[in-house]
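Asks: Before anything else, here's the structure in question.
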Amino acid sequence: MRPLTIVSVLALAAQTAGARGTFINMDAWCFWNTPHVEQMNEAGLKADIDFYTEKGGVEALIFNMNFQRAFFDTKAWTPYERGVELKDDGTLWVRGKRVTSPGGQVIHGEKSYIQMYKCLMAMKRNCPNYMQVRYDYCHKKGVECWWSMRMNDPHWLSPGLEERPQHSDYWYYNKERVTRAWYRRPWFKEWHWGNYTLDYGLKEVYDYNLALVKEYLLDYQSDGLELDWLRSIPAFKPGFDEAGTPILTRFLRDVKALAREASLKWGHPIRIGVRVPTRVQEALDLGMDVPLWAKEGLVDLVVPSPTSVRVEQDTQVGLWKRVLPPNVILAPALDMYAASGWPTRTRQAMDMGFASNFYHQGADNIYIFNHFEKFTDVMPTNEMQTVFANISDREAVSRFERRHILTWRETSVEGQFAESPYPSEIPVGSAAAVRINLGEKTSGRAAKLVMGLTRPVSLEIWCNTVKCGTLKPIETPKAGYPQGNKENPTFYYELELPAGATHDGWNVFDFHNVGEKAVGRDAFIWTEVVIAAEK
């Protein structure tokens, strides 16, 4: 490897600043949690990479290698296998204690922890240099290899569930002192994991996390490091997000300094990416001055992402584009669920719809999250690989069939709450409007409105001032639509939209209640516009 100077590193970074293809996050849980221990070798690593790159179109595979513990030989954190013992009777023990739930029964997920342990141990025996194998094979396939660091992973930090092998020794032995809101136990229950994550306002927490960044960058060769702040926010104790803003900015400066050092060591540029909330103000509210990070050259890739796993049609792509300099890649995330009232797993046409929307708003590229090979029972293999190969091609995306979904808005800012896109009530004879972004190259394409409701309704639809008529009942769609049951039935309707009624970007739909009863917010399950594939 040839030696580099700071000047040559910066010059090379400028040459590679543009995005060429899709960014795909590769979740550690989904790789290591498999019964196929026989695949834990060099061939298995390569086959995994082949699945995502088989049809081309990919710029970088971003390998997540930690939750609270790490799946490599870390000295700064807790390696996954430390203190973990699989007994002859098949039970799992951590730090000398059986992995159980608060009631003493075997916990949900113990099988996953056992599989991860077996797979990691097999990989370390069969292919101990698996980090380098991934890097080398990615380059052979013509794609970049990045690492993704979860900055504050909160999974299963629930009261009484401390005995899990994903919790680090640092958290386990110091949790009452270093977590952001330990005082909230036990009155915040199961899913309020973010209360018990680490507080970056403490210097020791800051140093603890920066030490893992240093290992990622200097001990293992890569083309980039993603800081995944969405796993998890908030990063400071309640009431101190704003005060923490300079702390996170200093952290990014320290990360960038380490990236420059790593670039000199490895002989090539190393980019820094950040996964942040969908809305600019929400990022600022959480202490993430992303515009300043970009202005100072601390980040190369910004990924606005849903707080949980639900894609949002009104991700502030246009505003992000305006506050970021042109050399920073803006790649909003496509995740695994869409929620328009009730949630459902995404399909190819949904991904194409969201991507076309984001491109229309100004995205440079698309980032894929929670689209994994083991999820092909939901999104078939051919659909998933079609997404990987084409989602970075703006023109190709516009030509596919696209489903444009009216979605909920989520938040992780304490004191702010998720928002429904629907009106609270539409009285008889009254109307309400919703907005749906229909992406690019929409005009002249056949389009229909599809709605799901919890009870029969009579709505007259207007699209962009054009009267479209009333919705007609249809059988409940089977693929990629929320399904009810006998206790909670679903009623689906559709309406072919008149030629010329729709256009690119944001469209407004009036729902005029021509029935005999008011239509409340609880009636709405689903709303989308389906754009036919280009002929």
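The values are calculated or read from the model by the stated rules, or taken from the named source; none is laboratory data. Just so it is clear, the structure is predicted and the values come from calculations on it, not from any experiment. Please note: Cβ atoms are built from the backbone with ideal geometry, for glycine as well, and neighbour counts cover all protein chains shown. The protein model used for the area step is the full one, side chains on, heavy atoms only, and it has no ligands, DNA or RNA in it. Shrake-Rupley method; radii C 1.70, N 1.55, O 1.52, S 1.80 Å.
Asks: Assuming Ala396 fulfils every condition listed in (1) open to solvent by less than 10 Å² (accessible area, probe 1.4 Å); (2) over 19 Å from Ala533 (Cβ atoms); (3) within 27 Å of the chain's Cα centre (by Cα) apart from one, which condition is it?
Replies: (2)
Asks: Hey, another quick one. Being free of Cβ contacts under 8 Å to residues at least 60 places away in the same chain and under 16 Å from Phe400 (Cβ atoms) is the filter; apply it to the range 327-354 and report the residue that is surrounded by the fewest Cβ atoms within 10 Å (Cβ to Cβ).
Replies: Checking each candidate, the answer is Gln348.
Asks: So for the range 243-254 (the condition being open to solvent by less than 10 Å² (accessible area, probe 1.4 Å) and of a type in the set (Lys, Arg)), does at least one residue qualify?
Replies: No, there is no match, as no residue in the range 243-254 is open to solvent by less than 10 Å² (accessible area, probe 1.4 Å) and of a type in the set (Lys, Arg).
Asks: Ok, one more. Tally the residues that are assigned to a helix (DSSP H, G or I) and touching a residue at least 40 places away in the same chain (Cβ under 8 Å), restricting the search to the range 261-283.
Replies: 8
Asks: Another question, if that's okay. I'd like the full set of residues that are open to solvent by less than 10 Å² (accessible area, probe 1.4 Å) and outside any strand (DSSP E or B), limited to the range 503-535.
Replies: Across the range 503-535, the qualifying residues are Gly505, Ala523.
Asks: Moving on to the next point. Tally the residues that are over 28 Å from Trp93 (Cβ atoms), open to solvent by 20 Å² or more (accessible area, probe 1.4 Å) and either among the hydrophobic types (A, V, I, L, M, F, W, C) or not in a helix (DSSP H, G or I) (or both), restricting the search to the range 142-186.
Replies: 2
Asks: Name the single residue that is farthest from Ile405 (Cα to Cα) among those in the range 491-535 being of a type in the set (D, E, K, R) and free of Cβ contacts under 8 Å to residues at least 60 places away in the same chain.
Replies: For the range 491-535, the residue satisfying everything is Lys535.
Asks: I would also like to ask the following. Being open to solvent by less than 20 Å² (accessible area, probe 1.4 Å) and outside any loop (DSSP other than H, G, I, E, B) is the filter here, so list the residues in the range 485-502 that pass it.
Replies: Tyr492, Tyr493, Leu495
Asks: Right, here's the next one. In this structure, does Val323 turn out to be surrounded by fewer than 23 Cβ atoms within 10 Å (Cβ to Cβ) and farther than 24 Å from Ile525 by Cβ?
Replies: Considered against the rule, which asks whether it is surrounded by fewer than 23 Cβ atoms within 10 Å (Cβ to Cβ) and farther than 24 Å from Ile525 by Cβ, Val323 comes out as yes.
Asks: Quick check: is even one residue across the range 478-490 farther than 20 Å from Ile436 by Cβ, touching a residue at least 40 places away in the same chain (Cβ under 8 Å), in contact with a Lys or Arg (Cβ under 7 Å, 6 or more places away or on another chain) and small (Gly, Ala, Ser)?
Replies: yes
Asks: Checking the conditions here, which among Phe372, Phe417 is surrounded by fewer than 23 Cβ atoms within 10 Å (Cβ to Cβ) and either acidic (Asp, Glu) or more than 19 Å from the chain's Cα centre (by Cα) (or both)?
Replies: Phe417
Asks: Of everything in the range 25-41, what is over 26 Å from the mean Cα position of the chain (by Cα) and exposed (fewer than 15 other Cβ atoms within 10 Å of the Cβ)? Give them in sequence order.
Replies: Matches in the range 25-41: Glu38 only.
Asks: Go through Ala60, Ala47, Ala76 for me and flag whichever is closer than 20 Å to Asn152 by Cα and either outside any strand (DSSP E or B) or not hydroxyl-bearing (Ser, Thr, Tyr) (or both).
Replies: Ala76
Asks: While we're on this one: Can you give me the number of residues within the range 421-443 that are out of contact with any helix residue (DSSP H, G or I) (no Cβ under 9 Å at 6 or more places or on another chain) and not in a strand (DSSP E or B)?
Replies: Residues flagged as out of contact with any helix residue (DSSP H, G or I) (no Cβ under 9 Å at 6 or more places or on another chain) and not in a strand (DSSP E or B) within the range 421-443 amount to 6.
Asks: Just to verify a result, which residue in the range 63-81, among those that are aliphatic (A, V, I, L, M) and touching a Leu at 6+ places or on another chain (Cβ under 9 Å), is nearest to Phe388 (Cα to Cα)?
Replies: My answer is Ala70.
Asks: Still on this structure, I have one more. Going by the structure shown, is Ala396 in contact (Cβ under 8 Å) with a residue 40 or more places away in the chain and more than 20 Å from Pro343 (Cα to Cα)?
Replies: So Ala396 does not fit the description; no.
Asks: List pairs: first in the range 203-222 and farther than 12 Å from Ile270 by Cα, second among the basic types (Lys, Arg), Cβ under 8 Å, 6+ apart or cross-chain?
Replies: Once the first residue is farther than 12 Å from Ile270 by Cα and sits in the range 203-222, its partners that are among the basic types (Lys, Arg) give Glu215/Lys75.
Asks: Of the residues that sit in the range 355-366 and are of a type outside the set (Phe, Trp, Tyr) and in contact with a helix residue (DSSP H, G or I) (Cβ under 7 Å, 6 or more places away or on another chain), which one is most open to solvent (accessible area, probe 1.4 Å)?
Replies: Filtering first and then ranking leaves Gln361.
Asks: Residues of the range 109-128 being in a loop (DSSP other than H, G, I, E, B) and under 16 Å from Thr74 (Cβ atoms), which ones?
Replies: Correct list: Pro128 only.
Asks: Looking at the structure I just gave you, is Lys189 open to solvent by 20 Å² or more (accessible area, probe 1.4 Å), assigned to a loop (DSSP other than H, G, I, E, B) and either among the acidic types (Asp, Glu) or modelled with pLDDT under 95 (or both)?
Replies: yes
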